[in-house]
Every structure is written in C-alpha cells, then in structure tokens.
1. Can you give me the relative contact order of chain A as a percent, contacts being Cα pairs under 8 Å and 6 or more apart?
2. Between residue A:237 and residue A:376, what FRET efficiency comes out of the Förster formula 1/(1 + (r/R0)^6) with R0 = 56 Å and r the beta carbon distance, rounded to 0.05?
3. Using DSSP, restrict attention to beta bridges with both residues in the protein assembly as shown and report what percent are antiparallel, rounded to the nearest 5.
4. As a test of understanding, state the convex hull volume per residue of the protein assembly as shown from its alpha carbons, in Å³.
5. Starting from 0 in steps of 10 Å, tell me what percent of the Cα-Cα pairs of segment A:356-437 lands in each bin.
6. Quick one: angle between helix B:146-172 and the longest Cα principal axis of chain B, in degrees between 0 and 90, rounded to 10, please.
7. For residue A:463 and residue A:482 in one chain, what is 0.36 nm times their gap in residues minus the Cα-Cα distance, to one decimal in nm?
8. Going by a ≥ b ≥ c, the root eigenvalues of the Cα gyration tensor, does segment B:85-149 fall in the rounded group (a/c under 1.5), the prolate group (a/b larger than b/c) or the oblate group?
C-alpha cells in the first residue's frame, strides 16, 4: 500500500513526465520510487495507461475544444493517434525504419494547419507526393506555422509567402518558416522566385544568409550545411556566416554560382553554373481525383485533375478514354478481382467499364525485369504475366501524363504505391518499357481518399479470368482493412513515344519488388485537349 | 494483395494494438516515441511471425519484441537524458507482464468513469492532450493560471483512478 504522501508525490512526478516537465531532481526521485516499491510501479503503469485511455476517449468525445489561435494545431492529436494505425503496416514500416532518425531533435509539433483564410500566413500552394518524417500530410491550401521545423522526406512542396515570394522545396529537406519573409533551410534544395515587391526575402542556411534582390535562384544545402547558390535571373546578396562579423557580402548575378562552407575561401568558391538546378514549379502529375459523393469514402470516380505541361487541367470521368482488357495472367495469387457485393457481372467489367474505385482486376503477375520484347498474350501457359489492354480510342501522346491509373492500397503495404512496369503492346526500336516506383498520390498524400468496402471473390480452377462471371466465384474473402485510392500518371514519352503519336494500348506488370502486387481499379487515357482550370 | 503473413499480422495487431501501445508508452514515456517504437516492433513481428506458435497467446510474445525495441530506442536516444533508468524500465516491463490482466481490466472500466466527468473536465483533457494545445495557451483560454490548470488535470486523473478502483472492487463482490 502507498501512503497518501507517496501516492501524491508519485502522481505529480508521473504528470510531469507526461507533460515533459520532469526536472533532473524529479527524475531521480521518480526512479527512486519506482525502484523501491512494487506498489509505486503498479500505480505508475496504471497512470500511464490512464493517460493513453484518456486521450483516446477524449478524442472520441464530442466535448468542445477551446478555440485555437493560429499557432496551435488542431490536427496534431488526431494525427498522432491515427499514426498508430500505421503500426499495422508491416510493409510501410520496413520503409519507415530505413529513414534516418531525427527523433532526438525534431519538435513534436506539426507545422501545418488548415487555416486558409489568413492572408498574412505562409501557405502551401501545391504539393507533389510530399511526405514528412512525422507522416503529416502536406496538402495545397494548408498554412505553415512559424518556427516549426518540417522534415520533408520526399516529394516537393511549393510555398507562397505573403509578399508574393514563391519557393519550391524538394525532399529530402529540413526547413523552417521563420517569419513571413524568411525561410531557414537546414538541408536540402529549394528554388526561390521573388517577384516585384518580394525583394528582401531571405533564406538562411547553416553557412550563409541569402537575400533576394528581385530574382530567381536555387539553394542546395548539403548535410554539413555547405551551401551552393545559383542565380538564374536578377541579383542575390549572400552573407557568408563564416565572415559575417567582418561585414563581408557577396553579390551574385544571373549565371553565377558559388559554394559557401566553413573551409571555403572568403566569399565562397566559384562552382559550375547549372540552370537545371532551378525548378520553376512542381512536376507534371495527377494532382487529385474526386468522387461523385463529395464526402469520403470514395466510390464512383467523378473527375481527375492533372498538371500537363505546367497547366492544371480537370477531366470529368466521362471524358477519360476507357479500356478493354485483352490479357490477364496472374501468378500464384488467386485474389484477382475486387468487386462490390452482389455484382454478378463479368469480372473484367470491374476494371474495364466501371468507375467504381473499389473494384478492379488486382494482383496481376509480374516480372523483376521489364519487358524488352512484345508480351505473349495467347492466354496459355507460356503467356506473359501481367495484363494488356487497348484504349477504346487511341490516346495521343502530349506533354506530361497521358494515362491515369488508380489503385487500391492499405496502410499495410508500400506507402508509395505498388510499383509496376508499363510497356508497349508492340515494341519497335524507339519504344521501351518504363518502371513506376512511386505514385503521384501516395498513402501519405492528403489527396488519397479512403475507398468504400469491397470484397474479393476468387476462383479455384484455372479458367481464364477474362471470361469469368463473378457469380462463378468459389469463395469470397472480405478484407478487414481500410483501403485507400492512390493515383499515378503515365507519360507515354517515357516509353519512347513521340509527341502526337497515337497509342492503341499498353501492357503492365507488377515489378515484384515485394510480396504485394499492383491493384488497379481504374485506368483511363486523357483526351487530347482541355481548358485550364484553377 | 495481402499475403497470408501480412494478413495474419494485420489481424493480430488490430486486435491487440491498444495493449501493445500502452505497454510501449509506459516504458518510453511519451506517445510520439511510443509510436516510433511500435512501428519498429511491428517490423520485427512481421519478420518473425513465422516463429509464432498460433496456439499460444499473442501478447506475451509480442511484448518481448516490444521490450527489445524499447531497449534499442533507449540506446539510440542515450545522448538525451531519458526519464527512466535502465533498471527501472526492466522492473516496469516485468511488472507489466505480470499485471497485464489487471491493467486490461482497468482500461475496460475507464470509459464508464470517463463518461461521468463534467463537460469542463472533458474539454480540458481533450484540449490539452488530444488537440495538444500548449499548457500556457490553454490555461489562458480557460481563465486559469498554469499552475491551477495542472492541478485541475491532476485532480481529474485522481478522480478517474479512484473511480476505476471503486468499480473494480465492486465487481469483485
């Protein structure tokens, strides 16, 4: 039994531990109590469990929360607790552990909020497959909280500052928005555009302060803080920190590039100018998709928004060019159809002619190496694993993505999407296969929407799948995980097609980089022309 | 889509995630690091799942992996002063193994006790720990001093602890 006094001291120490306010002397006392008594350890374990239970219940309760100021983050608790379902993601975890550990020095806070109305704040204008170390989705429209470090592990974000300055940051990068006109880059690469009125915008790196004098420049900071500055247009003023006490400043004009580091000569060392180091915007990609029902989970596809040649285009699902599956060959995985309950139509229709994002022909076979010759689509034993399809009308190759592919993914599987090879149906000397390892909308994207429930009918005999009806299924499995819809664009130029080439169809194979196969639920060609949308 | 191993693990983790999280959380002291350690634990479990005897309970087996991952995390974090000493973590882990049933019972009755809290207490707990509003800001919003806010939260914890004990004692009759 604990005396009231001991219990009271222990409770206070545990509360301080939870609130991360334990002073060194308190720490000693806490350890002393826990070492000393079973009863103290029992209460400690109970109090720690209470904390977990309490947060969970508080999250579920409809208790009003206090009104938040801009610096607070209303999503943190939820995110932090949601993160936890990631523990069910064995495959994702294998990737997560591969990341370097920043745990000791990241602030536990999250640097984004969804306040979209404050014109004085720094905003994410666009994000492309952007992933942060703490798994916080970065999505267009969010604002960044000042003085919070963001670790962008992959992808890109474009930030817009209140004075009009635009910065594209490429992962992996560690950065902090310090004030409304100052960015600190600890490591990584950024491209800055400061239009008229944004002069004076400043980027701090561990080795230099770079002040914009109306210009476009790129900055690349390596792991030890060495800073390369490349000026594409206009003028930038650099204050190397190693010499700042002497008031040294270096002016760089367009076409000039210098490296600033501890060991470099005063004023930095001249390096080769590379205009390609500068990014004017985010890459062409599938930006988002939308379901017919505006609130998730998503069922029927309504539209897809694509950046093509830097332009933002929105296509209604009905405008996309449908496909006809002409070949499907799986490996030993017999779960090849995702379907809705009571569907007794043809299995192939789940991918071919419906817009349901929870249904498709899944787990096709694959190959570690991509095809270098025509796939064999005889439907017999010697056939090429994977699946082939024809577009209902040929897709014309234009700049950026020409074909959109959406797939189902759970948190248990690769966060970047299931990798695959895409090949021409018929090879020619100019044509080649192309491998996609990372989707435009990944499990970590705010744009990835949860899919409605589906089931997995499967067949136990070897009849060709493409002639099967779902009502012939021998058994049905029902997944007990939540699945999400990921998306990627395929640029036919990557397969060697020339601009304006008409492409009749494609062949796809899983890249066999893990135990999971790709799970396409919608494939559509983009039509040739379209107006720009905001 | 899912091979048998990941399906099995997903099912087991879904079923036992709360217990595993509580175990790790008690040993590392905060939810963020607990999440990290739990991720590493899941990877370790995934790799070794074929060694799991499905005839035995999952949790005691999984706790062993979680404990090893806690130690690895401590090793990585050793430059920062950790709140708990190594020997204390070992004692706590041992006790948790023994008291697992009792701790689970406490969690089982918690919702009933939590439901008895007045709205103001719920708001304080939700704002401070779920929405993670900084203590200074929350105190100001609630019209309290920082010290009073912490005292209030301490009181809520004590009320819940007492309630849990009363309910469990009543069940024993």
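1. Across chain A, relative contact order equals 12 percent.
2. That pair, residue A:376 with residue A:237, gives E of 0.35.
3. 95 percent
4. Cα convex hull per residue, to the nearest whole number: 191 Å³.
5. So the P(r) values, bin by bin, are 13, 44, 37, 7, 0.
6. Roughly 60 degrees, rounded to the nearest 10.
7. 3.8 nm
8. Since a/c reaches 1.5 but b/c is at least a/b, the shape of segment B:85-149 is classed as oblate.
Since every read-out is calculated from the coordinates, none of them should be taken as a lab result. Only a predicted model underlies this, so the values are computations on that prediction, with no experimental measurement involved. Cβ: placed from backbone, ideal geometry, glycine included. Neighbour counts: every protein chain shown.
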